[in-house]
Amino acid sequence: MAYDIRAEWAKRSWWMNLIFMFCLYMTFIYMPYDVFWKPVAVDEEVWFGFVLHGWWAKATEPLHWLIYGAGAYGFWKMARWMWPWAAVYTAQIAIGMLVWSLVDSRGSGPMFGLLAAAVFLVPTVGLWRAKGTFQGEQVQ
């Protein structure tokens, strides 16, 4: 039985495939680098718009890795449990972008934060409205 990549991509809209690919990248390429090779001295993790540095960042990396891994698996299977959690997490990123722009010295101010939040609200709304597409594997 041959694996049909076209059938795999057809499970999701193009923009969900982009999110799926991002989750795969984060799970299998970036997060292993972040956890195992990035020096603690330059490590940063952002949660709800607040940047953690050093060992605090390193300590929370496994949680980010778990989130991206769950997202990759959930988009692969189009699992029912992804709704509403994919939308909730994406909304958290939108809020975090706004908070970061206001509280971090590298932030570009409220206008940048509002623009960045608006950009992330687009997939948030799309994921929220996509409830019917998440009909795959259900955890018993």
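The values are calculated or read from the model by the stated rules, or taken from the named source; none is laboratory data. Computed from a prediction, not measured in an experiment: that's the story for all the values here. Cβ: placed from backbone, ideal geometry, glycine included. Neighbour counts: every protein chain shown.
Return yes or no: is residue 113 modelled with pLDDT under 95, assigned to a helix (DSSP H, G or I) and surrounded by 16 or more Cβ atoms within 10 Å (Cβ to Cβ)?
Taking the combined requirement at face value, the residue satisfies it.
Scan the range 1-26 for residues that are over 16 Å from residue 78 (Cβ atoms) and either in contact (Cβ under 8 Å) with a residue 60 or more places away in the chain or in a loop (DSSP other than H, G, I, E, B) (or both) and jot them down.
The answer is 1, 2, 3.
Quick one: residue 13 ticks every box in (1) polar (S, T, N, Q); (2) modelled with pLDDT under 95; (3) within 16 Å of residue 133 (Cβ to Cβ) bar one, so which box is it?
(2)
Could you tell me whether the range 83-99 includes any residue that is farther than 25 Å from residue 8 by Cβ, over 14 Å from the mean Cα position of the chain (by Cα) and in a helix (DSSP H, G or I)?
Yes; the residues of the range 83-99 include at least one that is farther than 25 Å from residue 8 by Cβ, over 14 Å from the mean Cα position of the chain (by Cα) and in a helix (DSSP H, G or I).
I'd like the full set of residues that are touching a residue at least 40 places away in the same chain (Cβ under 8 Å) and of a type in the set (Gly, Ala, Ser), limited to the range 52-68.
Matches in the range 52-68: none.
Residues of the range 30-51 being closer than 15 Å to residue 64 by Cβ, touching a helix residue (DSSP H, G or I) at 6+ places or on another chain (Cβ under 9 Å) and free of Cβ contacts under 8 Å to residues at least 40 places away in the same chain, which ones?
30, 31, 32, 34, 35, 38, 43, 44, 45, listed by residue number.
Given the options 71, 107, name the one that is buried (at least 17 other Cβ atoms within 10 Å of the Cβ), without any contact (Cβ under 8 Å) to a residue 60 or more places away in the chain, assigned to a loop (DSSP other than H, G, I, E, B) and touching a Phe, Trp or Tyr at 6+ places or on another chain (Cβ under 9 Å).
From the options 71, 107, the qualifying one is 107.
Determine whether residue 72 is closer than 26 Å to residue 126 by Cα, at pLDDT below 95 and of a type outside the set (Phe, Trp, Tyr).
no
Restricted to the range 36-53, and to residues that are over 17 Å from the mean Cα position of the chain (by Cα) and either hydroxyl-bearing (Ser, Thr, Tyr) or surrounded by 14 or more Cβ atoms within 10 Å (Cβ to Cβ) (or both), which residue is nearest to residue 120 (Cα to Cα)?
If we take residues in the range 36-53 being over 17 Å from the mean Cα position of the chain (by Cα) and either hydroxyl-bearing (Ser, Thr, Tyr) or surrounded by 14 or more Cβ atoms within 10 Å (Cβ to Cβ) (or both), then 52 is nearest to residue 120 (Cα to Cα).
Looking for whichever is farther than 25 Å from residue 33 by Cβ, touching an Asp or Glu at 6+ places or on another chain (Cβ under 7 Å) and at pLDDT 95 or above here; the options are 79, 118, 57, 94. Which one fits?
79 is the lone residue from the list that is farther than 25 Å from residue 33 by Cβ, touching an Asp or Glu at 6+ places or on another chain (Cβ under 7 Å) and at pLDDT 95 or above.
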